[in-house]
Amino acid sequence: MDAVIQTQGLGKRYRGKQALTECTLTVPAGTVTGLVGPNGTGKSTLLNLITGMLAPTEGTIRVLEEAPGTQLARVGFVAQETPTYAGLSIADHLKLGAHLNPGWDQDYAQARVERLGLDQKQKAGKLSGGQRAQLALTMAIAKRPDLLILDEPVAALDPLARRGFMDDLTVAARDTGMSVVLSSHLVSDLDRVCDWLIVLTGGRVRAAGPLRGLLAAHPGLTTEDMVLTYLEAAS
């Protein structure tokens, strides 16, 4: 089984406080993986370790069989604040994406922006929070990475927009073969698109594996109820 992420005993400490402890997991290539857990439980820390934005305090991590942060062209990342450049128009963002990313899919980016009804002349600083999120998400998918990391990607979107984005993400992953890891506290959204699940709480991995396999081990439970079971057992 090829893996896009492998960790062994991974840990991260901030000023003496342990944010992530003994994290050992494997994320298979070609999966859409949901990362769930309460706020402040280490989800963003894990994602930042995967992207190379943080260095581990303990243990090891390999991303696409290399050290994190050494293969930027192959990894896409959208942080919680869905960063965009306030002074650049949407069209400027798409031009920048084409300039910076060798695998850039301009046709996809333009088609998605048009479908969302976004004015390409509009500057990002004038967009609503939801529109900025959609722009950042469009940029991330159009990069056509081998691995796409999304930290709370739909937090700024209304329910209809969330459903549309998740559908787009499913199609993009299926058509390109890219692997996706997305964190969210909205388990119902992940249930529709994920085939792999990681449950994290207290800075520790409580469960990791194929979603259907985890559900089979908890007959009669929904995904949300199963996650709550893991969280309650760890409390």
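The values are calculated or read from the model by the stated rules, or taken from the named source; none is laboratory data. Predicted, not measured: the structure shown is a model, and the values here were computed from it. As a convention, Cβ positions derive from the backbone with ideal geometry for all residues, glycine included, and neighbour counts pool all protein chains shown. Keep in mind that these areas ignore ligands, DNA and RNA; they rest on the heavy atoms of the full protein, side chains included. Shrake-Rupley method; radii C 1.70, N 1.55, O 1.52, S 1.80 Å.
Out of curiosity, is Asp107 of a type outside the set (Ser, Thr, Tyr), farther than 26 Å from Gly40 by Cβ, open to solvent by 50 Å² or more (accessible area, probe 1.4 Å) and part of a helix (DSSP H, G or I)? I'd like the intermediate steps shown before the answer.
Numbers: of a type outside the set (Ser, Thr, Tyr): yes; farther than 26 Å from Gly40 by Cβ: yes; open to solvent by 50 Å² or more (accessible area, probe 1.4 Å): yes; part of a helix (DSSP H, G or I): yes.
Considered against the rule, which asks whether it is of a type outside the set (Ser, Thr, Tyr), farther than 26 Å from Gly40 by Cβ, open to solvent by 50 Å² or more (accessible area, probe 1.4 Å) and part of a helix (DSSP H, G or I), Asp107 comes out as yes.
Each row is one residue, and each column tells you yes or no for (1) farther than 17 Å from Ser44 by Cβ; (2) touching a residue at least 60 places away in the same chain (Cβ under 8 Å); (3) surrounded by 22 or more Cβ atoms within 10 Å (Cβ to Cβ); (4) not polar (S, T, N, Q).
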| site | (1), (2), (3), (4) |
| --- | --- |
| Arg162 | yes, no, no, yes |
| Leu169 | yes, yes, yes, yes |
| Gly177 | yes, yes, no, yes |
| Leu211 | yes, yes, no, yes |
| Thr229 | yes, no, no, no |
query: Any idea how many residues of the range 39-88 are surrounded by fewer than 18 Cβ atoms within 10 Å (Cβ to Cβ), part of a strand (DSSP E or B) and among the small types (Gly, Ala, Ser)?
result: 1
query: Do we find that Ser184 is among the hydroxyl-bearing types (Ser, Thr, Tyr) and either closer than 30 Å to Asp105 by Cα or surrounded by 19 or more Cβ atoms within 10 Å (Cβ to Cβ) (or both) in this structure?
result: yes
task: Would you check which residues across the range 1-37 are more than 16 Å from the chain's Cα centre (by Cα), outside any strand (DSSP E or B) and in contact (Cβ under 8 Å) with a residue 24 or more places away in the chain and list them?
output: Met1, Asp2
- request: Pull up the range 110-148, narrow it to residues that are small (Gly, Ala, Ser), closer than 19 Å to Asp167 by Cα and free of Cβ contacts under 8 Å to residues at least 40 places away in the same chain, then point me to the one that is least open to solvent (accessible area, probe 1.4 Å).
  value: Gly130
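Pick from the range 20-38 the residues that are small (Gly, Ala, Ser) and buried (at least 19 other Cβ atoms within 10 Å of the Cβ): which of them is modelled with the lowest pLDDT? Please lay out each step first, then the result.
So the first thing to find is which residues in the range 20-38 are small (Gly, Ala, Ser), and the list is 29-30, 34, 37.
After this cut, where a residue has to be buried (at least 19 other Cβ atoms within 10 Å of the Cβ) as well, the list is 34, 37.
Numbers: Gly34: 95, Gly37: 89.
It comes out as Gly37.
Restricting attention to strands (runs of 3 or more DSSP E) lying wholly within the range 145-228, give those where 1 or more residues are at positive phi. Show your work before the answer.
Numbers: elements: 147-151, 179-183, 196-201, 204-210.
Once the strands (runs of 3 or more DSSP E) in the range 145-228 are filtered for at least 1 residues that are at positive phi, what remains is 204-210.
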